[in-house]
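We did not get these values from a lab; they are worked out from the coordinates using the rules stated. In this text, all values refer to a predicted model and were calculated from it rather than measured experimentally. Because the Cβ atoms are built from the backbone with ideal geometry, glycine has one as well, and the counts that use them run over all protein chains shown.
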Amino acid sequence: MKLGTKLTLYLSLIIIIVLSGYGYFHIQSRRDILVRKMKVEVRSTGRTLKVSLEKISLPREMEYVQELIDAVEEYERTLGVVVYHQGKNLVFRSHSLEEEVEPYIERIKKSIQDDLPQEEFGFYRHVPVFSYTFPLKDRKGRNIGGVSILQHTSFMEEDIKKAKWSIFITIFILIGGTVALILFTTKKWITQPISNLMAGIQRLAKGDLDSRIELKGKDELSDLAKAFDQMAIDLKQAQERSLKEVETKLEMERGLRQSEKLATIGQLASGLAHEIGTPLNIIGGRVELAKRKIGDNEAQKNLDIILQQTDRITKIIQQLLGYVRKKKPEQQALDLGNLLKTALGFLGYQIQRQGVDVVEEVEEPLPPIIGDPDQLQQVFLNLMINGLQAMPHGGTLRLSASPRRISKEGVEDHPRLYVEVCIEDSGVGMDEEVIKNIFNPFYTTKNGGTGLGLAVTHGIIQDHEGWIEVESKSGKGSLFKVYLPCLLEEVSLEISRC
């Protein structure tokens, strides 16, 4: 049984008992009031009759006595009157009291003997009556007789019965209204909030940590709902921390495996550089000698192809060595604006051949940075070459640089001055899967690519305490953002977006 139902039953039972007790005592009180009222009426009638009878001589005024008795009998609540004269042993009675008046005569005699009025409830011919008996005195104060007045109690019982029904109906209405009010109140303030609370707990138990228990008010259930909401928030934060810790651990494990791979690759690259480099140099030298001695154009063409492929193999080995044997960057103040212009100048012929439009938005002067000019030039060359390769049929290459006061996410708590270099192309773009793996070594989407260019670029930028971001969508071009810390932190420049 639900708590609201139990509470309703218990409260309803208590209210029924209380109201029933109230009704019972109210009826008893009503009965006492009616009894007192009836006694007052009978006593008042008795006093009037006593005064009238004590002023006359009972034996001489018998007709007058009978008239008084008949007058009293006319009152609808009076059943009858019995008058007894002790000296003459005379009995006067109402016409309704034809017989069976001896008990009342005995009561009159006892009242005369005790010299006190007497009251008694009884029956006259199965009719419930109230009898009031009192003695009569002469002018000298001697008891000469007495009177007994019989009053109907059925009128009182009818009044009590009406009062019972009135009280019963009132109590029934009160009980019904109170129970209805309790049902409504318990449903609104107890049953429904508890149901909402249970539903929220069940959602929370199923893992829905975003669920909230909406309870309005300032009672204990609302406080409990707020506590559960706070618990859900704490659990979600703990879950996020756990997931982040797991991701960090996995990242560290991947980094460790990558380091092991790189160590193996380094050993392999060193061996390859020694074992393959020498034969390649010999092949290249022999090809040069053969080209000088052979005049056949077809043979010259084949020798050129051999020489190109030999140079390509040598270049791949050099890139591999450059990746696994990172050189510590030189530390010198640099002007990124000049570095960008120099790198762009190296690609002038390719830009012109592909019909690419170049838009430069480099702020002057840029705050100086500290780093290795050769490595940073390699970074910008790699990014520009990637942009040009993404636009084989022409497009727009946008190059910009500006100072930004930002903080490195997860590393710095306060903003710091950086130079932001943006290289944007309008080429084929990349999907999310490519963006996710683009800086991984040996990952490439180009035919004949080594997959080391962007991996080397990423490593160089990290060595300079910076970072790189990429934004791209398939068919909508790509945007690479490079952030490098400034040498002079006190330089105050207005920050602008790329």
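Beyond 25 Å between alpha-carbons counts as too far, so tell me which of Lys37/Lys140; Lys249/Lys436; Lys301/Lys341 fall in that bin. From Lys37/Lys140; Lys249/Lys436; Lys301/Lys341, over 25 Å: Lys37/Lys140; Lys301/Lys341.
With a cut-off of 13 Å between beta carbons, the residues surrounding Ala163 carry a summed charge of +2, where Lys and Arg count +1 and Asp and Glu -1. Asp114 sits among other residues whose Cβ lies under 14 Å from its own Cβ, and their net charge, with Lys and Arg +1 and Asp and Glu -1, is 0.
For the stretch 327-389 versus the stretch 150-177, the spacing of their alpha-carbon centroids is 107 Å.
The mean sequence distance of close C-alpha pairs (under 8 Å, at least 6 residues apart), as a share of the length of the stretch 329-485, puts its relative contact order at 23 percent. Placing unit charges on the Cβ atoms only, positive for Lys and Arg and negative for Asp and Glu, gives the stretch 348-478 a dipole magnitude near 380 debye about its Cα centre.
In this label model, Ile56 and Gln352 are separated by 15.9 nm, measuring between points 7 Å along each Cα→Cβ vector.
Could you tally the net charge around Asp208, taking each other residue with its Cβ under 13 Å from the Cβ of Asp208, Lys/Arg +1 and Asp/Glu -1? Neighbourhood net charge equals +2. Sparse packing (at most 10 other Cβ atoms within 10 Å of the Cβ) combined with a DSSP loop state is found for the following trypsin sites (Lys or Arg not before Pro) in the stretch 1-108: Lys55, Arg60.
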